[in-house]
Amino acid sequence: MKGFILIFFIFIVGGFLFTNTGCYYDNLEALHPTDSTSVTCDTTSVKYASYIAPLLAAQCNTSGCHNARDLANGSSFADYNSLKTYLTSQKARFIGSIEHISPYSYMPQGTFSKLPDCDIQKINSWIKAGYANN
């Protein structure tokens, strides 16, 4: 009788473990649904003075990077004319860097993450509109 109870117990515990374990796959869409109505990024009127310049000052013009003194990779984004000169010849590189597209160097460096998607969309919108000094 003790043998039967032991086998029965092993069978019940084994069955429980077998049916309650296994592979589990998360679905990104189910975990984080994208609802275009809940998150908006207004790219209609991005201005250099009110949006681009402060963003670059905080993310790119820091010590050792693209400021007027350090000129990382020979480029400064400290003022409009310097940025315009860079974008005129290196637009694809600039966009590839902020979007983390290989083979470009990912920017900003040191943060291990790229700019928020909305910031990137606004920068791209401003560039596509002709990167005006407004």
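Just so it is clear, none of the values below were taken in a lab; they were calculated from the coordinates. Everything numeric here is computed off the predicted structure, so don't read it as measured data. All Cβ positions, even for glycine, are placed from backbone atoms using ideal geometry, and neighbour counts span all protein chains on display.
Shown here for region 48-134: chymotrypsin sites (Phe, Trp or Tyr not before Pro) in loop regions (DSSP other than H, G, I, E, B) with at most 11 other Cβ atoms within 10 Å, namely F112. Extending 7 Å from the Cα toward the beta-carbon at both A58 and D117 defines two label points whose distance is 2.0 nm. The trypsin sites (Lys or Arg not before Pro) of region 43-127 meeting both criteria, a DSSP state outside H, G, I, E and B (loop) and at most 16 other C-beta atoms within 10 angstrom of the site's C-beta, are K47, R69, K114. Here the gap between D70 and S125, fully extended at 0.36 nm per residue and compared with their Cα-Cα distance, gives a gain of 17.0 nm.
Placing a pseudo-label 7 Å from each Cα along the Cα-to-Cβ vector at S45 and H100 gives an inter-label distance of 3.2 nm. Under the convention that each Lys and Arg Cβ holds +1 and each Asp and Glu Cβ holds -1, the size of the dipole of region 66-134 around its Cα centre is about 160 debye.
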